[in-house]
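The values are calculated or read from the model by the stated rules, or taken from the named source; none is laboratory data. Everything numeric here is computed off the predicted structure, so don't read it as measured data. We place every Cβ from the backbone using ideal geometry, glycine too, and count neighbours over all the protein chains shown.
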Amino acid sequence: MSKLFLSSSFKDVANLFTTFADDDLKNKTVTFIPTAAIHEKVNFYVKSGRKALEKMGLIIDELEISTASPYDITSKLQNNDFIYVTGGNTFFLLQELIKTGADKIIQTQINSGKL
């Protein structure tokens, strides 16, 4: 079963994620993808989202799609417990996801039940 937790401001609803995940989050890993925000001047939400995840006890494993190796992309998306994608320029994000094949890996992981 596929499940996505979508929000426009994660820090404001982070407390709901613990219930949604229905899992003990302490020491679980999250692939943190800031790609959409790397060229944005206003990007405070990246830091606030990261802090909210850390406060829950999650271990952040950052994956900058536009500069990561194919091995890192595959390994992090497949092996970490969760995938978190920050906001920003969605056109740039989509371009990089498609160019690297990360879009297909994420789709497979989500279809397999990963949040």
remark   = When (1) closer than 21 Å to Gln109 by Cβ; (2) assigned to a helix (DSSP H, G or I) are applied to Ser48, the one that fails is (1)
request  = Mind listing whichever residues of region 29-46 are surrounded by fewer than 17 Cβ atoms within 10 Å (Cβ to Cβ) and either at pLDDT 95 or above or under 10 Å from the mean Cα position of the chain (by Cα) (or both)?
outcome  = Thr29
query = Restricting attention to region 82-100, does a residue exist that is within 17 Å of Ala36 (Cα to Cα), charged (D, E, K, R) and out of contact with any Cys (no Cβ under 9 Å at 6 or more places or on another chain)?
reply = yes
Residues of region 71-98 classified as part of a helix (DSSP H, G or I), in contact (Cβ under 8 Å) with a residue 12 or more places away in the chain and either buried (at least 17 other Cβ atoms within 10 Å of the Cβ) or not polar (S, T, N, Q) (or both), total = 7
